[in-house]
Amino acid sequence: MKQNILVIDDDKNIREVVKLYLRKEGYEVTEAADGAIGADLFFGKQYDLVILDIMMPVQDGIETIKQIRAKSNVPVIMLTAKGETFDKVLALELGADDYIVKPFDPKELVARVKAVIRRSNQEDKSDILEYPNLKIDMQNYQVIYEGKEVQMPPKEIELLYFLASRPNKVFTRDQLLEQVWGFEYFGDSRTVDVHIKRLREKFKDDEPWQIKTVWGVGYKFEV
């Protein structure tokens, strides 16, 4: 069965090139010229991956990924014509699985698509981790703390699960970006700090487990 990819970009030429290369690789491709149409298409059919431009009329990619992430963990690759750190960090914080800066090599985009889909298929979402007062259920993307579900975005859950499944092991910010977000990210790694800060705010300081900062290195889930 062919995998379905939704391409949302207001540039017709880019959509045509992406569609041509992806179809050569055996993917089904659906197109949308703006985020509003793209969101409607996304929620009307099952897709394996979304390629999403940031700058678009009617509804931009930022608003569109917010809508997608509110209801789905389908992988998203963001396209940006800018390449500024702000755009990259924002895309990661909103739950993007990868990003690519325009102009790009279509062959590189195809390679990124294959890598993201492969990682998505390999992830074992059936695991459940339990610590005192804490349960992380990756099958249902739920975090239960003190008997109540804690609302948090998918990437926060994935970061928490990654650290908690490797207790007392220290990871650098770059390692966390590569392992949780799925690709090497050169430059500003503030997105990890932001996610760690948000996670810490959700838990008390006196638990027998804590997300600890290892100064000059990175973070660990200390038990």
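Filter region 20-41 down to the residues that are within 16 Å of Asp105 (Cβ to Cβ) and in a helix (DSSP H, G or I), then identify the one that is most open to solvent (accessible area, probe 1.4 Å). So that I can check it myself, show each step before the final result.
Going residue by residue through region 20-41, those that are within 16 Å of Asp105 (Cβ to Cβ) are 20-22, 24-25.
Now drop any that are not in a helix (DSSP H, G or I), which leaves 20-22, 24.
Working: Leu20: 95, Tyr21: 72, Leu22: 1, Lys24: 150 Å².
Of everything passing the filter in region 20-41, Lys24 is most open to solvent (accessible area, probe 1.4 Å).
How many residues are in a loop (DSSP other than H, G, I, E, B) and either of a type in the set (A, V, I, L, M) or modelled with pLDDT under 90 (or both) if we restrict to region 61-78? Steps first, please.
Keep residues of region 61-78 that are in a loop (DSSP other than H, G, I, E, B), which gives 72-75.
When the remaining residues are screened for being either of a type in the set (A, V, I, L, M) or modelled with pLDDT under 90 (or both), the result is 72-74.
Number satisfying all stated conditions: 3.
Suppose the filter is at pLDDT 90 or above, open to solvent by less than 10 Å² (accessible area, probe 1.4 Å), hydrophobic (A, V, I, L, M, F, W, C) and over 28 Å from Asn140 (Cα atoms); does Leu49 pass it? Let's see the steps before the verdict.
Working: at pLDDT 90 or above: yes; open to solvent by less than 10 Å² (accessible area, probe 1.4 Å): yes; hydrophobic (A, V, I, L, M, F, W, C): yes; over 28 Å from Asn140 (Cα atoms): no.
Taking the combined requirement at face value, the residue does not satisfy it.
May I ask you to list pairs of residues, at least six apart or on different chains, whose Cβ atoms are under 8 Å apart, with the first in region 126-148 being over 14 Å from Lys204 (Cα atoms) and the second being open to solvent by 80 Å² or more (accessible area, probe 1.4 Å) and part of a strand (DSSP E or B)?
Correct list of pairs: Lys135/Ile128; Ile136/Ile128; Ile136/Glu130; Asp137/Ile128; Met138/Ile128; Gln139/Ile128; Gln142/Glu149; Val143/Glu149.
The values are calculated or read from the model by the stated rules, or taken from the named source; none is laboratory data. Keep in mind that this is a model prediction, so the values were computed, not measured. Here Cβ is always computed from backbone atoms with ideal geometry, including for glycine, and neighbour counts include all displayed protein chains. In case anyone asks, the SASA skips ligands and DNA or RNA and just uses the protein heavy atoms, side chains included. Shrake-Rupley method; radii C 1.70, N 1.55, O 1.52, S 1.80 Å.
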